[in-house]
Amino acid sequence: MIIIVGLGNPGRKYANTRHNVGFMIVDELARKLNVKFKEKDDYLIAEAKIQDKDIAIVKPLTYMNLSGRAVKKLVNEKVLQSLPSSLIVAHDDVDLPLGKIKIKRNGSSGGHRGVQSIIENIGTKDFIRVKLGISKDPDQDTSDYVLSPFKKEEKETVKEKVALAADSIIAIITEGVNKAMNIYHQAER
């Protein structure tokens with residue numbers, strides 16, 4: 001089982017905000033795989049297969065900073081033994097330029113509280129991240145900025161890059177993380 005988690009905040013109020021690109025990515029992935037989300041406990045889940053591999057696409061229904069609680073419910077011993085390839089987390093990154101995709105095999109949270117919550121709840125940093133840059137606004141407080149919607153002129157770029165990030169997750173599963181990194185990091189140059 002491969003678990004793919006998109007990070008975001010639940011509710012219509014946050015739907016199109018910068019902090020919700022993780023949700024946007026897994027929504028696009030579910031659309032590409034023609035699967036629908038169902039509510040379970042404190043998360044939404046859509047199940048699919050990619051090349052005979054069972055996958056669970058997940059959107060925690062907790063706020064971003066508590067995302068690890070939902071992930072912990074899904075991560076069993078079998079998943080933990082298969083890390084990093086058995087858990088992929090899609091999320092925003094303020095330190096990357098708008099639309100830049102970065103695949104990372106493991107590491108610290110980089111200050112992302114949703115990722116930090118997952119690390120604390122499952123007890124390891126050893127999982128794959130697909131990060132999509134949302135850039136920074138030096139004139140705005142970061143916590144306000146990440147909860148702001150994309151500007152009109154940014155929306156097309158975001159839509160294209162969300163689709164590319166969803167494709168990168170499929171490539172991680174079908175081609176392996178190293179090949180996916182080569183493909184998607186070069187595509188961004």
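Just the residues that are within 15 Å of residue 7 (Cα to Cα) and touching a helix residue (DSSP H, G or I) at 6+ places or on another chain (Cβ under 8 Å), please, taken from region 84-100. Passing the criteria: 87, 88, 89, 90, 91, 92, 94.
Quick grid of which residues meet (1) in contact (Cβ under 8 Å) with a residue 40 or more places away in the chain; (2) over 27 Å from residue 176 (Cβ atoms); (3) under 16 Å from the mean Cα position of the chain (by Cα):
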| position | (1), (2), (3) |
| --- | --- |
| 29 | yes, no, yes |
| 35 | no, no, no |
| 38 | no, yes, no |
| 41 | no, yes, no |
| 52 | no, no, no |
| 56 | yes, no, yes |
| 60 | yes, no, yes |
| 63 | yes, yes, yes |
| 73 | no, yes, no |
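Is it true that residue 67 is of a type in the set (Ser, Thr, Tyr) and either more than 28 Å from residue 16 (Cβ to Cβ) or surrounded by fewer than 21 Cβ atoms within 10 Å (Cβ to Cβ) (or both)? Spelling it out, it is not the case that residue 67 is of a type in the set (Ser, Thr, Tyr) and either more than 28 Å from residue 16 (Cβ to Cβ) or surrounded by fewer than 21 Cβ atoms within 10 Å (Cβ to Cβ) (or both). From the list 153, 160, 120, the one residue that fits, being in a helix (DSSP H, G or I), within 15 Å of residue 21 (Cβ to Cβ) and of a type in the set (Asp, Glu), is 160.
Only one entry of 175, 160, 154 meets the criterion of being touching a Gly at 6+ places or on another chain (Cβ under 9 Å) and free of Cβ contacts under 8 Å to residues at least 60 places away in the same chain, and that entry is 154. Residue 49 meets each of the listed conditions (1) touching a Leu at 6+ places or on another chain (Cβ under 9 Å); (2) surrounded by fewer than 18 Cβ atoms within 10 Å (Cβ to Cβ); (3) in a helix (DSSP H, G or I) apart from (3). Scanning region 5-45 for residues that are assigned to a helix (DSSP H, G or I) and among the charged types (D, E, K, R) yields 12, 13, 18, 27, 28, 31, 32.
Conditions tested, residue by residue: (1) modelled with pLDDT of 95 or more; (2) surrounded by 15 or more Cβ atoms within 10 Å (Cβ to Cβ); (3) touching a His at 6+ places or on another chain (Cβ under 8 Å); (4) over 16 Å from residue 28 (Cβ atoms).
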| residue | (1), (2), (3), (4) |
| --- | --- |
| 132 | yes, yes, yes, no |
| 137 | no, no, no, yes |
| 142 | no, no, no, yes |
| 150 | yes, yes, no, no |
| 154 | yes, yes, no, yes |
| 164 | yes, yes, no, no |
| 177 | yes, yes, no, yes |
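Taken over region 56-100, residues that are farther than 20 Å from residue 168 by Cβ and in a strand (DSSP E or B) amount to 1. Residues of region 10-25 that are in contact (Cβ under 8 Å) with a residue 12 or more places away in the chain and not aromatic (Phe, Trp, Tyr): 10, 16, 17, 18, 19, 20, 21, 22, 24, 25.
The values are calculated or read from the model by the stated rules, or taken from the named source; none is laboratory data. Treat the numbers as computed from the prediction; the structure is a model and nothing was measured. FYI the Cβ positions are ideal-geometry reconstructions off the backbone, even for glycines, and counts take in every protein chain you see.
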